[in-house]
Amino acid sequence: MTSAQLDANRANAQQSTGPRSEEGKAASSQNASKHNLTGGAAFLPSEDPAAYAAHLKAVTEEYGPLSPSAEFVVRQIADSMWRLQRLQRMEDELIASSDNPFLDDDDKIMIRLERLQRYRQMIERSYARFTQEWRKIIAADLLRSEKYSEEALQKRCDDHDREFQEHVNRHMREQIASLRPLPKDDDEG
């Protein structure tokens, strides 16, 4: 590339008409997005934000994550569920668009249904992977709580043993003291 071509490219780059506002940048970032079944945000701008928020809240309350990593996993589970619900709506619409899509001469509907089935399998694998991660988090939490419970129980046993030993030692000192002869008064005699 010649020096003149590089200069021309730089000058053209300065004339870019891409979005400059935050709203414009946010909108243009979604230009290639069609259905967000496999990537991008689970929530689409065309969907009801209140419904998505309610869905996310319900799933989060159901799972009750207690750590940031658990919150991430629960969010992935909720997003997978949301995508599966969207996919089901898409499949229902496709099937409703034909009297019998399986007998139509036009293969477009069948091709779309097969594509949606591939998306379904991908989303279901993602859902299964994150639910498995959730089970691992729960198992680790249980092990931690059992460990703490064991430690607490051991501490209580140690404290009880120490108190018992102190009681025995005190009792033994008292017994030994009671067996010693009392000192005689030198004044008698």
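For the reader, a short list of remarks on this structure follows.
- Reduced Cα scattering model of the range 131-180, Debye log10 I(q)/I(0), q = 0.21, 0.26, 0.28 Å⁻¹: -0.76, -0.88, -0.92
- With the simple spin-label model, which puts each label point 7 Å out from Cα in the Cβ direction, the Q15 to I95 separation comes to 5.4 nm.
- Here the peptides 51-63, 140-152, 79-91 are ranked by packing, the mean other Cβ count within 10 Å, and the order with the highest first is 79-91, 51-63, 140-152.
- The range 70-93 and the range 158-178 have Cα centres spaced 65 Å apart.
- Local net charge near Q85, Cβ-Cβ under 14 Å (Lys/Arg +1, Asp/Glu -1): -3
- Annotation: the range 66-159 has a Kirkwood hydrodynamic radius of 16.7 angstrom, from the mean reciprocal C-alpha pair distance.
- Summed over the residues of the range 117-188 and divided among them, the accessible surface reaches 93 Å² per residue at a probe radius of 1.4 Å.
The values are calculated or read from the model by the stated rules, or taken from the named source; none is laboratory data. Since this is a predicted model, take the numbers as computed values, not measurements. Positions of Cβ are generated from backbone atoms using ideal geometry, with glycine treated the same way; all protein chains shown enter the neighbour counts. These area figures cover heavy atoms from the full protein model, side chains too; ligands, DNA and RNA do not enter into them. Shrake-Rupley method; radii C 1.70, N 1.55, O 1.52, S 1.80 Å.
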